[in-house]
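Have a look at the structure below, then the notes.
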Amino acid sequence: MIDAIWLLAGAIRRLFDTHLRLLLENLTLRQQLAVLKRRHPRPRLAAFDKLFWVFVRRFWSEWKQALIIVGPETVVRWHKSGFALYWLAISRARRIVGRRRISKEVRDLIFRMVADNPTWGAPRIHGELLMLGVDVSERTISRWMRRATRDPKPAKRWLTFLRNHRETIAAMDFFTVPTITFRVLYCFFIISHRCREILHFNVTCHPSAA
């Protein structure tokens with residue numbers, strides 16, 4: 001019985017001795033760090049040092065009590081900066097810079113379609129290119145259409161046609177007009193090109209064949 005008591009007492013003493021040694025070692029290290037801090041108030045820390053404290057903050061709840069060389073808010077700022085740099089690197093790696101350039105052959109084909117078919121818009125040219133196996137977005141086609149050189153001959157031919165036949169040509173349109181009471185009015189009119197005279201017009205809420 002006495003041997004067991006002495007064994008337990010020895011174990012407790014060694015435990016306290018080990019704890020005391022750790023406390024003394026911690027105290028001496030802190031005293032030396034305090035001296036270094038007085039000699040170098042603003043030490044320059046490498047990236048590894050900052051990364052070390054970021055990880056310590058993540059896995060040790062009492063990290064603030066052991067921190068001497070900088071303030072806790074500085075470590076938090078390092079963590080936020082590293083987080084921003086991490087996602088910036090990912091976004092740059094995944095991002096496609098600029099629009100995908102189309103080849104000169106495709107641009108020339110768009111210009112040719114615009115010149116040969118002045119009434120075609122971007123949706124029509126987009127559909128024709130898809131049937132040819134050329135995958136270009138409609139927005140890109142619209143942008144390149146604005147740069148295409150327009151052939152003035154078709155417009156001149158149409159203007160000449162109007163001047164020669166405007167005495168016998170009439171234009172018509174059928175459109176809708178929303179009202180303030182959320183109803184829809186259906187409008188139909190016919191206008192003469194000779195003197196811009198309205199030949200016929202009608203407005204109804206319920207259009208019919210007549």
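The values are calculated or read from the model by the stated rules, or taken from the named source; none is laboratory data. Please read all numbers here as calculations on a predicted model, not as lab measurements. Note: ideal-geometry Cβ built from the backbone for every residue, glycine included; neighbour counts use all protein chains shown.
Looking at residue 36, is it at pLDDT below 75 and either over 31 Å from the mean Cα position of the chain (by Cα) or surrounded by 13 or more Cβ atoms within 10 Å (Cβ to Cβ) (or both)? Quick ask: steps written out before the conclusion?
Working: at pLDDT below 75: yes; either over 31 Å from the mean Cα position of the chain (by Cα) or surrounded by 13 or more Cβ atoms within 10 Å (Cβ to Cβ) (or both): yes.
Yes: the conditions hold for residue 36.
Within region 56-63, the presence of a residue that is over 30 Å from residue 26 (Cβ atoms), modelled with pLDDT of 75 or more and not in a loop (DSSP other than H, G, I, E, B) is excluded.
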